[in-house]
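Report on one structure; see the data block that follows.
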Amino acid sequence: MPVSRSESGSDLNNWIVNVGDGNYAAPGEAPVNAADITTVNQTTESVLKANILNRRIMAHNITFHRITDPAGLTDSHVAEYKFKMPYTIATTNTNFNGQTVEGGLFVWDGPGAQLDYGLAFQWIINPWDPDYKALRYWDGSGWQPFGSDLEPDGNYHTAEFQLDIPNAEAYFKLDGVAFTQNIYSETTKTGFGSTVDARFQVETISIYPPQTGTIPSQKVNVKDWSWEWFNNTPA
């Protein structure tokens with residue numbers, strides 16, 4: 001299939017940074033807001049950060065690249081980026097600890113079905129969580145286990161997303177190894193507008209705040225992203 005669009009970058013410069021929906025504020029804390037998250041672009045990589053003020057909250061950073069184009073629904077997509085944990089995950093780490101690292105590729109059909117088509121993965125990085133190290137995928141209404149773990153090691157890992165909406169297929173690769181199940185999803189959203197918006201996104205959520213002691217913040221490094229669209233229309 002011919003390539004109809006190709007974009008790439010070494011960091012996430014000009015990507016949009018939004019507060020996601022995976023947030024919590026303890027009693028007495030103000031709601032999570034844009035001041036609690038940031039994405040710092042450093043030319044060769046970017047750092048997504050959450051709960052940067054060390055408040056008694058759990059904050060969700062979604063950093064995404066959006067392309068508004070009706071071809072997003074008919075083209076096939078292949079996108080990837082590299083990510084790593086820039087600190088040692090441990091129950092003794094009082095400076096940094098997170099809840100999840102996530103990523104996804106979605107296309108919103110605003111003029112038609114008003115559904116969000118795509119795929120996403122989630123990596124549990126909370127060292128107190130019984131599912132620590134587990135990988136999950138989004139099924140349209142919740143997270144489901146892949147049946148595989150990713151051991152935190154401080155190295156960069158490559159996440160690859162393959163999406164073919166006309167054939168209702170979506171597949172995920174990690175470090176070149178393909179997960180066999182089709183994880184194509186259709187998600188109902190509100191307030192997403194009336195256009196066709198394709199979104200390639202990286203996310204992280206800070207850890208649920210402890211009852212006492214220091215509240216850690218969260219960060220994850222991302223670099224070397226690419227996103228190619230392939231024309232599905234027969235010649």
Against the empirical 2.2 N^0.38 Å scaling, what ratio does the C-alpha Rg of segment 117-235 come to? 1.23
Chymotrypsin sites (Phe, Trp or Tyr not before Pro) within segment 87-184: which are DSSP loop residues with at most 11 other Cβ atoms inside 10 Å? Trp128
Longest site-free stretch - the chain; sites: trypsin sites (Lys or Arg not before Pro), DSSP loop, at most 16 other Cβ within 10 Å: 57-132
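If I stretch the segment between Thr94 and Thr180 completely, what's the gain in nm (0.36 nm per residue apart, minus their alpha carbon distance), one decimal?
Length gained between Thr94 and Thr180: 27.2 nm.
Multiply the residue separation of Lys189 and Ala30 by 0.36 nm, subtract the distance between their alpha-carbon atoms, and state the gained length in nm to one decimal. Provide the component values of the computation, followed by the final result.
On the way: separation 159, 0.36 × 159 = 57.24 nm, distance 2.56 nm.
Length gained, Lys189 through Ala30: 54.7 nm.
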Determine the relative contact order of the chain: mean sequence separation of Cα pairs under 8 Å and six or more apart, normalised by residue count, in whole percent. 34 percent
Applying 1/(1 + (r/R0)^6) with R0 = 35 Å to the Cβ-Cβ distance of Asp69 and Trp128, what FRET efficiency is obtained, to the nearest 0.05? 0.25
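May I ask you to give the average projected area over all directions of the convex hull of the Cα atoms of segment 1-100, in nm² rounded to one decimal? Before the final figure, lay out each step's value.
Details: hull surface 34.6 nm².
Mean projected area for segment 1-100: 8.7 nm², to one decimal.
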In Å², and per residue, what accessible area does the chain have when probed at 1.4 Å with the other protein chains present? 45 Å²
Along the principal axes of its C-alpha atoms, what lengths does segment 174-235 span, in descending order and rounded to whole Å? 63, 35, 25
With 25 Å as the limit, write out which pairs from Lys189/Lys223; Lys84/Lys133; Lys189/Lys219; Lys133/Lys189; Lys82/Lys189 have Cα-Cα distances beyond it, or answer none. Lys189/Lys223; Lys189/Lys219; Lys133/Lys189; Lys82/Lys189
Which percent of the accessible area of segment 1-150 is formed by carbon and sulfur heavy atoms (probe 1.4 angstrom)? 48 percent
FRET efficiency estimate (nearest 0.05) - Cβ-Cβ, Ala113 to Ser226, R0 22 angstrom: 0.20
Pop the C-beta distance of Asp153 and Ser10 into the FRET formula with R0 = 22 Å and round what comes out to the nearest 0.05. 0.50
What does the charge add up to near Ile183, with Lys and Arg as +1, Asp and Glu as -1, over the other residues with Cβ less than 13 Å from its Cβ? -3
Tell me the label only: which of [x] 17.9, 55; [y] 17.0, 51; [z] 17.6, 64 is Rg and Dmax of the Cα atoms in Å as calculated from this structure? [z]
Under a Cβ-only charge scheme (Lys and Arg +1, Asp and Glu -1), can you give me the dipole magnitude of segment 1-87 about the Cα centre, in debye to the nearest 20? 260 debye
If the only charges are +1 at each Lys and Arg Cβ and -1 at each Asp and Glu Cβ, what is the size of the charge dipole of the chain around the Cα centre, to the nearest 20 debye? 640 debye
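The values are calculated or read from the model by the stated rules, or taken from the named source; none is laboratory data. If you're wondering where the values come from, they're calculated on a predicted model, not measured in any experiment. No Cβ is skipped: glycine too gets one built from the backbone with ideal geometry, and neighbour counts run over all protein chains shown. These area figures cover heavy atoms from the full protein model, side chains too; ligands, DNA and RNA do not enter into them. Shrake-Rupley method; radii C 1.70, N 1.55, O 1.52, S 1.80 Å.
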